[in-house]
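The values are calculated or read from the model by the stated rules, or taken from the named source; none is laboratory data. All values derive from a computational prediction rather than experimental measurement. With ideal geometry, Cβ positions are generated from the backbone for all residues, glycine too; neighbour counts draw on all protein chains shown. Remember, those area values only see protein heavy atoms, side chains included, never the ligands or the DNA or RNA. Shrake-Rupley method; radii C 1.70, N 1.55, O 1.52, S 1.80 Å.
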Amino acid sequence: MPKYGKHSHWSLFSDIQAAIAVFIFIASCAGNHSSKKLETFGPKQVSPRFDNGKTVYDTVYHKIADFRFYDQDSAEITNQTFSGKIYIADFFFTSCPTICPRMNTQLLRVYEKFRDNPHIAILSHSIDPYNDSISVLKDFADKLGVSSDQWHFVAGDQDKIFEIGQKSYMVTAMNDLSEPGGFLHSGALIMVDPERRIRGIYDGTKPEEVDHLINDIPNLLTEYGMQ
């Protein structure tokens, strides 16, 4: 039995080593967010065009519409504010008694993680502009301890805020007197790429969802060569 038994043990050891190596490789790939291109959300249209005598079909993706609001420093905020940037959008109001405090806590995690990164910004839309004046938004931002250069709390015409929420960001934002605080709004955090396309929608009330957002941001930065 001398040689056979010894060779059998060595083969088993080699097989175990190989299995462990394969498992580690698979686990590594599964956890590697940077290798996965993020989905583009929203309706798409196929647009034909002629190129060298041939018909070519381009996919036209849903994009965030033009907007113009004012932030906590009275600065005018438009799409151009986020030119060449990735930004995270949400809808809230400062007196919100339900989900907003949880959302702000989670957004603070994103802010702290990417603080001072010139390619990342946050855009929080107040759905209660009658009460959320510029001074109220300024006080709110100061209490959170955030920089207005990176995190903009904006107000504007309420109907336009509702419209851009529902039609561009595809989330709920409306008056509803049956709801606490008088508004019905989504707790979503929406990640927008430099081409104004939605690349991620996350539940801003759940830490594990915001973990996904934090992991997806470097992926999108890499896609646009911003790393």
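Which residues, taken from segment 97-119, are at pLDDT 95 or above, open to solvent by 10 Å² or more (accessible area, probe 1.4 Å) and in contact with a helix residue (DSSP H, G or I) (Cβ under 7 Å, 6 or more places away or on another chain)? Answer for segment 97-119, where residues must be at pLDDT 95 or above, open to solvent by 10 Å² or more (accessible area, probe 1.4 Å) and in contact with a helix residue (DSSP H, G or I) (Cβ under 7 Å, 6 or more places away or on another chain): Asn104, Gln106, Leu108, Arg109, Lys113, Phe114, His119.
Conditions tested, residue by residue: (1) at positive phi; (2) without any contact (Cβ under 8 Å) to a residue 60 or more places away in the chain; (3) among the aliphatic types (A, V, I, L, M).
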| site | (1), (2), (3) |
| --- | --- |
| His125 | no, yes, no |
| Arg197 | no, no, no |
| Ile201 | no, no, yes |
| Met226 | no, no, yes |
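Counting only residues that are of a type in the set (S, T, N, Q), without any contact (Cβ under 8 Å) to a residue 12 or more places away in the chain and touching a strand residue (DSSP E or B) at 6+ places or on another chain (Cβ under 6 Å), segment 41-93 holds 1 of them.
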